[in-house]
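Peer 1: Below: one structure in structure tokens.
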Amino acid sequence: MRQFPAFFNLEGARIVVFGGGEEAARKLRLFHASGAEVVLVGGFDEAALAAEFDDWVDTRARSQIASALEGARLAIIAEESPAHRAEALAAVRARNIPVNVVDQPEDCDFTVPSILDRGEIVAAIGSGGAAPVLAKSIRAKLEALLPQRIGDLAALARSLRGFVGETIPDKSARRRYWERALSGPAAEAAYAGDLERAEALLRQQARAAGRARGVVHIVGAGPGDPELLTLKALRLIQEADVVYYDRLVSPEIIGLIRRDAARVPVGKSKGDHSVPQTEIHERLIASAREGLRVVRLKGGDPFIFGRGGEELEAVRAEGIEVHVVPGISSALGCAASAGVPLTHRDHAQTLTFVTGHAKAGGVPDLDWQALARPAQTVVVFMGVDTAPAIAEKLVAAGRAPTTPVAVIENGTRPDELRVFGTLAELPFLVEEEGIAGPALLIIGEVAGLPAEQGRIASIVTEASGLAWFSPDARQHTFKESAA
Ligand SMILES: C[S@@+](CC[C@H](N)C(=O)[O-])C[C@H]1O[C@@H](n2cnc3c(N)ncnc32)[C@H](O)[C@@H]1O
């Protein structure tokens, strides 16, 4: 950008135009209704032009250049005679008044853009003198886009600023009000020419917004890769006034939150509930009561081992508007990333998500017989610490020790680690690779497909019975990392 566009406030400012022909008249017309004090130095060439500008342009003789330029904010020289042009330019330069000289770009301090004037709404397209025709054609396209009466709507908005400010004292609530109001039915009424109705609607909506309570969105942030956010999640975190987020939400996603929104970590890691669940509920409710747009951002999907259900109930019980936005669960993200289809017509007709962590700690009391049936996939969340016990219980219930297993840590993130082995090897996979989580265990025939497809080394062991506990099993494990 070689030229900086700026809008001058012309109310009461003096503008001096030099000349008297059609070119000067064209420039004068730009200032009609601007509120500026417009002075023409020179005198009109034709009586018709003189008549057109008679009642709002102050015409002075060239001998009065000095008094005409007194206190001038801008000058435009549209003189045809080189001598008159030089005289005007010298006078203007001597007073440091910004000047435009028609068809003399080297003498110009500013250029006059192609202007689309809708009253309060003005668009100016400049080409720095390089291609004025192009600027005009862009203006023509904008003409078609902008409603004729958009300036009336802007003027109405200006007249209601004081009222809206008093009715909606909160700044961000007011911003949201204007965003909605200026594209809703009030705007339609203004565009249809019914300014009375437009004003009534704007006032009514402002009163409603002033009384409004906030809203809570419980939003799934997905497993970590920001590109796995839903469009709705992205929009909401960019509109929120406050975002309460979990430890599992990746830094890249936190970076997408609107800059002036409050970001509040309420991080929970297994066994370390830095903010107790009931306090999270209280904070969500208190923020909504302040009239804020609250986003509760949770890793994966809020309703899959995410306590989203409890938060929904708590907020709803207070009569506060609350919505849930699903996210891609880490089960789906990790499986896709590792190329492990969770169901497969030949290998898995059932898919079960289980937690590996009981409320009171240790392994939960699951139906191990059911989970041990073949041709099904079991995805274990929060199962890193209890992986040995889970493997033992599944084998004891009849699941083959050779059942393939995948352990995926930090799935879909730059530091994703994928480890493949068998159920017999599971305890060693976790321990030897130093898996600390967040990680998922995928247990079932489908976890062996990457090996079958030759994407990783063979993971089939000879383990049987208690042999699964043998450290020899370790030699069959294979590790992949996203890096
Ligand atoms: C409290 S649960 C939340 C699950 C989440 N609501 C979801 O749908 O993915 C936390 C567990 O999800 C799993 N998890 C979450 N994000 C993960 C990721 N990026 N990679 C692997 N596992 C993940 C881990 O098992 C972790 O212990």
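Peer 1: Just to be sure, is Arg139 under 31 Å from the mean Cα position of the chain (by Cα) and more than 20 Å from Lys27 (Cα to Cα)?
Peer 2: No; evaluated as a whole, the condition is false for this residue.
Peer 1: A further question follows. Please give the number of the condition Phe303 fails out of (1) open to solvent by 30 Å² or more (accessible area, probe 1.4 Å); (2) within 16 Å of the ligand (Cβ to nearest atom); (3) closer than 21 Å to Val264 by Cβ.
Peer 2: The failed condition is (3).
Peer 1: Being among the small types (Gly, Ala, Ser) and surrounded by fewer than 20 Cβ atoms within 10 Å (Cβ to Cβ) is the filter here, so list the residues in the stretch 1-45 that pass it.
Peer 2: Within the stretch 1-45, Ala6, Gly12, Ala13, Gly21, Ala33, Ser34, Gly35, Gly43 qualify.
Peer 1: Being open to solvent by 60 Å² or more (accessible area, probe 1.4 Å) and in contact with a helix residue (DSSP H, G or I) (Cβ under 8 Å, 6 or more places away or on another chain): is that true of Arg207 here?
Peer 2: Against the criterion (open to solvent by 60 Å² or more (accessible area, probe 1.4 Å) and in contact with a helix residue (DSSP H, G or I) (Cβ under 8 Å, 6 or more places away or on another chain)), Arg207 qualifies.
Peer 1: Are any of the residues in the stretch 334-341 hydroxyl-bearing (Ser, Thr, Tyr), at pLDDT 95 or above and either within 15 Å of the ligand (Cβ to nearest atom) or surrounded by fewer than 15 Cβ atoms within 10 Å (Cβ to Cβ) (or both)?
Peer 2: No: zero hits.
Peer 1: I would also like to ask the following. For the stretch 183-204, what are the residues that are under 28 Å from the mean Cα position of the chain (by Cα) and either among the small types (Gly, Ala, Ser) or at pLDDT below 90 (or both)?
Peer 2: Scanning the stretch 183-204 gives Ser183, Gly184, Ala186, Ala187.
Peer 1: Of the conditions (1) within 23 Å of Pro438 (Cα to Cα); (2) in the same structural domain as Thr230 (by TED's automatic domain parsing); (3) among the charged types (D, E, K, R), Glu321 fails just one. Which one is it?
Peer 2: For Glu321, the failing item is (1).
Peer 1: Considering the stretch 361-380 alone, what residues qualify as being more than 16 Å from the ligand (Cβ to nearest atom) and either open to solvent by 20 Å² or more (accessible area, probe 1.4 Å) or of a type in the set (Gly, Ala, Ser) (or both)?
Peer 2: Correct list: Asp365, Asp367, Trp368, Gln369, Ala370, Ala372, Arg373, Pro374, Ala375.
Peer 1: Are any residues in the stretch 136-152 within 29 Å of Gly210 (Cα to Cα), out of contact with any Phe, Trp or Tyr (no Cβ under 7 Å at 6 or more places or on another chain) and touching a residue at least 40 places away in the same chain (Cβ under 8 Å), and if so, which ones?
Peer 2: Residues satisfying the conditions are Ile150, Asp152.
Peer 1: Need at least 1 residues that are surrounded by fewer than 15 Cβ atoms within 10 Å (Cβ to Cβ) and out of contact with any Asp or Glu (no Cβ under 6 Å at 6 or more places or on another chain) per element, so show me which strands (runs of 3 or more DSSP E) inside the stretch 99-151 make the cut, counting only ones lying wholly within it. Full working, then the answer.
Peer 2: Values: elements: 99-101, 114-118, 121-125.
Answer list for the stretch 99-151: 114-118, 121-125.
Peer 1: Using the structure shown, decide if Arg213 is open to solvent by 50 Å² or more (accessible area, probe 1.4 Å), closer than 15 Å to Val294 by Cβ and in contact with a helix residue (DSSP H, G or I) (Cβ under 9 Å, 6 or more places away or on another chain).
Peer 2: It is true that Arg213 is open to solvent by 50 Å² or more (accessible area, probe 1.4 Å), closer than 15 Å to Val294 by Cβ and in contact with a helix residue (DSSP H, G or I) (Cβ under 9 Å, 6 or more places away or on another chain).
Peer 1: Follow-up question, since we're still on this one. Within the stretch 343-359, restricting attention to residues that are touching a helix residue (DSSP H, G or I) at 6+ places or on another chain (Cβ under 7 Å) and open to solvent by 20 Å² or more (accessible area, probe 1.4 Å), which residue is nearest to the ligand (Cβ to nearest atom)?
Peer 2: It comes out as Phe353.
Peer 1: Looking at (1) surrounded by 10 or more Cβ atoms within 10 Å (Cβ to Cβ); (2) under 20 Å from Glu120 (Cβ atoms); (3) of a type in the set (A, V, I, L, M), can you tell me which one Ala66 breaks?
Peer 2: (2)
Peer 1: Determine the pairs where a residue that is assigned to a loop (DSSP other than H, G, I, E, B), located within the stretch 224-253, has a partner that is open to solvent by less than 50 Å² (accessible area, probe 1.4 Å) and polar (S, T, N, Q) with Cβ atoms under 6 Å apart, the partner being 6 or more residues away or on another chain.
Peer 2: Listed by first residue and then by second, the contacts come to Gly224/Ser250; Gly224/Thr412; Asp225/Thr412; Asp241/Ser172; Arg247/Ser269.
Peer 1: Also: Can you tell me which of (1) in contact with a strand residue (DSSP E or B) (Cβ under 8 Å, 6 or more places away or on another chain); (2) open to solvent by less than 50 Å² (accessible area, probe 1.4 Å); (3) more than 30 Å from Asp415 (Cβ to Cβ) is the one Arg283 doesn't meet?
Peer 2: So Arg283 meets the others, but not (2).
Peer 1: Still on this structure: What helices (runs of 4 or more DSSP H) lie completely within the stretch 254-371 and have 1 or more residues being within 27 Å of the chain's Cα centre (by Cα)? Full working, then the answer.
Peer 2: Values: elements: 277-289, 308-317, 330-338, 368-371.
Once the helices (runs of 4 or more DSSP H) in the stretch 254-371 are filtered for at least 1 residues that are within 27 Å of the chain's Cα centre (by Cα), what remains is 277-289, 308-317, 330-338.
Peer 1: Read through the list (1) part of a helix (DSSP H, G or I); (2) modelled with pLDDT of 95 or more, then give the number of the only condition that Trp178 fails.
Peer 2: For Trp178, the exception is condition (2).
Peer 1: On to the next question. Thr111: in contact (Cβ under 8 Å) with a residue 40 or more places away in the chain and closer than 30 Å to Asn96 by Cα, yes or no?
Peer 2: So Thr111 passes the test.
The values are calculated or read from the model by the stated rules, or taken from the named source; none is laboratory data. Please read all numbers here as calculations on a predicted model, not as lab measurements. With ideal geometry, Cβ positions are generated from the backbone for all residues, glycine too; neighbour counts draw on all protein chains shown. When the accessible area is computed, the model is the full protein with side chains, heavy atoms only, and any ligands, DNA or RNA have been set aside. Shrake-Rupley method; radii C 1.70, N 1.55, O 1.52, S 1.80 Å.
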